[in-house]
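S.K.: Once you've had a glance at the structure underneath, I'll fire off some questions.
The values are calculated or read from the model by the stated rules, or taken from the named source; none is laboratory data. Everything quoted here is computed from the prediction, not taken from an experiment. Positions of Cβ are backbone-derived with ideal geometry, glycine not excepted, and every protein chain shown enters the neighbour counts. For the accessible areas, the whole protein counts, side chains as well, though only heavy atoms, and no ligand, DNA or RNA atoms are used. Shrake-Rupley method; radii C 1.70, N 1.55, O 1.52, S 1.80 Å.
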Amino acid sequence: MLDIILSALLPMVVTFLLGFVAAWRHDFGSKDAPTLNRMVLVYAVPLALFAGTVTTSRAALGQDIPLVIALCVAIIGLYGVVFLFSHFVLRMQVGMSALAALTASAPAVPFVGPAVLGELFGGLSAIPIAIASLVINLTVVPVTILLLALDSRGRDRQENTPVGVEGEHSASSSKSYASVFAAKLTETLKEPMVWAPLLAFIIVLSGFHFPQLIVRS
């Protein structure tokens, strides 16, 4: 068991240490971080998730329905519990409660998942990583953006709007909140981290066998 744990976690520790060494040697600096993040999130991880998911059979994908339910309950459920606790028990503002809930419920699946689960389960790890990434990016992230916008605009309205005309803005505010949520969801769907595994799921469900030569490439 110790060997399994070390084999899964030690590569991340070594990577962190290499990052410290690279910074100490001035091989990479803070200006390089956006480039490295973009390489990982736009190219490397979406391609890995696509390749891992598209090689899964439709029957195996059907067996993962309990996994989908478990991940949805775990992520969305914990988000709701932490948000309600932060807002009503700790008396935090809506925006801060949303950020606390997102921090507690949304693990860094795209970064940590391939390193840990990839070592433990190999190619099969692509499915839980893809599902968890989709659940996070399509549910709790847009909801958090919406709650932050609602909190910010609510405070601005209280500060700048006379009491007598407050009711006139309720309908327009509801429409603006819906537009914020729709815009964020659309923006999220355009990210390769989201549409690449979604495309892979569609290919698997359609029964099309992706050429192994392309997958290995």
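S.K.: Taking the residues in segment 18-37 that are open to solvent by less than 100 Å² (accessible area, probe 1.4 Å) and aliphatic (A, V, I, L, M) as candidates, determine which candidate is nearest to Gly122 (Cα to Cα).
M.R.: Within segment 18-37, the match that is nearest to Gly122 (Cα to Cα) is Leu36.
S.K.: Let me ask something else. Which condition does Phe88 not pass, out of (1) under 22 Å from Met193 (Cβ atoms); (2) modelled with pLDDT of 95 or more; (3) of a type outside the set (Val, Ile, Thr), if it passes all the others?
M.R.: (1)
S.K.: A further question follows. Pick from Ser179, Ser206: which is at pLDDT below 90 and either surrounded by 10 or more Cβ atoms within 10 Å (Cβ to Cβ) or of a type in the set (S, T, N, Q) (or both)? Walk me through how you get there before you give the answer.
M.R.: Details: Ser206 fails: at pLDDT below 90.
After applying the criteria, what remains is Ser179.
S.K.: Against the conditions (1) open to solvent by 60 Å² or more (accessible area, probe 1.4 Å); (2) at pLDDT below 90; (3) under 14 Å from the mean Cα position of the chain (by Cα), where does Asp156 fall short? Just the number, please.
M.R.: Among (1) open to solvent by 60 Å² or more (accessible area, probe 1.4 Å); (2) at pLDDT below 90; (3) under 14 Å from the mean Cα position of the chain (by Cα), Asp156 violates only (3).
S.K.: Return a yes/no flag: does segment 105-116 have any residue that is closer than 20 Å to Val204 by Cα and not hydrophobic (A, V, I, L, M, F, W, C).
M.R.: no
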